[in-house]
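Notes follow the structure.
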Amino acid sequence: MAKAHEPIKLTFLREGELSIDNSDTGGFTYLGIAYNKNKSFTVINEILEFVGNELIKLGIIKSIDELRNLGTPKGKPISISNTVLNTLNNLLRKNKYENKLIEYYKKQYWDVNKCDDISSQTLAEELFDFGVNAGPPTAAKILQRLVDVKDDGNLGEMSLYAINCAICFDLFSLQLNFALEKIKHYHRISKAPGSENRKYIHGWLNRTYEIFDGFYEMDDLKRIVQKTSSDGKTGPKNMRGLKLYLEEDYNNLLRFIKIYDANIAYKTNKNVNALINALE
């Protein structure tokens, strides 16, 4: 069954270390744990106070409340150089706060969706990471819908049985469709003009494809599709090295690659409207 430690460490890398950004409604954040969303969590309070005291020593802030107020109406921008930020991150690593957060992530995101009981390590990692990003119930409901069980956000015995059966039958199709449903979720919360989420869509897509690319090389999938098309044939039976049992899976893969290419293009054109339109 799936194991949690390495996926959590990878999530730390994706979330980034210390963030002191007044424009982020989450406020003070370390390794993806936002103070404004986790005020009752003892460890994030310890980290905030530790960083606050260091910034007071350096004369950058006068009160720890300046960190607590980040991302709120009372918050004001705090100017911190990259040198100071790197120093703070090194101090936090030295004090091993990361180890305390591993237990938090395991309890709040891995264990709550019973990832240990999923027979595929790769699918468990995908479920866990999306749960961190969108919330465990949202991630669970999407996976439940894909395996045709009640989407109540609670992965009980029946849900886990259905998921593990689907893994045995066609893991690639399940992961592909889960990734596409994640993209639909991001599109739904980003497409409204003026939505604050629009600025995150490229990063969210990067995260989706980075995780998927860790299981199946996107470049290899593109070559397979191109070879299939050049044969003058269509349909899943011609997909070399892949088991695609349904024509729908083939079409979904084409769509997945199209969105991937649009996300790559965004790095050059910076046209968020074009990127969001590609998700339609």
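The values are calculated or read from the model by the stated rules, or taken from the named source; none is laboratory data. Just so we're clear, the structure is a prediction, and the values are computed from it rather than from any experiment. Counting neighbours? That spans all protein chains shown, and the Cβs are built from the backbone with ideal geometry, glycine included.
So that you can scan it fast, the table gives a plain yes or no per residue for (1) modelled with pLDDT under 95; (2) under 14 Å from Lys182 (Cβ atoms); (3) in contact with a Leu (Cβ under 6 Å, 6 or more places away or on another chain):
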site	(1), (2), (3)
Lys100	yes, no, no
Glu103	yes, no, no
Trp110	no, no, no
Asn113	no, no, yes
Asp117	no, no, yes
Thr122	yes, no, no
Gly135	yes, yes, no
Ala139	no, yes, yes
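Residues that are in a helix (DSSP H, G or I), modelled with pLDDT of 90 or more and among the acidic types (Asp, Glu) within the stretch 10-51 comprise Glu46, Glu49, listed in sequence order. Each residue in the stretch 205-215 was checked for being farther than 14 Å from Thr11 by Cβ and in contact (Cβ under 8 Å) with a residue 60 or more places away in the chain, and 3 of them qualify.
Here Thr11 passes the criteria (1) among the hydroxyl-bearing types (Ser, Thr, Tyr); (2) without any contact (Cβ under 8 Å) to a residue 24 or more places away in the chain; (3) touching a Phe, Trp or Tyr at 6+ places or on another chain (Cβ under 7 Å) except the one numbered (2).
Among the residues of the stretch 30-84, count how many are among the hydroxyl-bearing types (Ser, Thr, Tyr) and either surrounded by 18 or more Cβ atoms within 10 Å (Cβ to Cβ) or touching an Asp or Glu at 6+ places or on another chain (Cβ under 8 Å) (or both). Selection size over the stretch 30-84: 2.
Filtered by the rule that a residue be over 20 Å from Asn86 (Cβ atoms) and under 29 Å from the mean Cα position of the chain (by Cα), the stretch 50-69 gives Glu66, Arg68, Asn69. For the residues Phe28, Phe41, the requirement of being aromatic (Phe, Trp, Tyr) and over 29 Å from Leu123 (Cα atoms) singles out Phe28.
Against the conditions (1) touching a residue at least 40 places away in the same chain (Cβ under 8 Å); (2) surrounded by 21 or more Cβ atoms within 10 Å (Cβ to Cβ); (3) under 23 Å from Met1 (Cβ atoms), Ser119 satisfies every one except (2). Phe172 meets the conditions (1) modelled with pLDDT under 95; (2) over 22 Å from the mean Cα position of the chain (by Cα) in every case but one. The failed one is (2).
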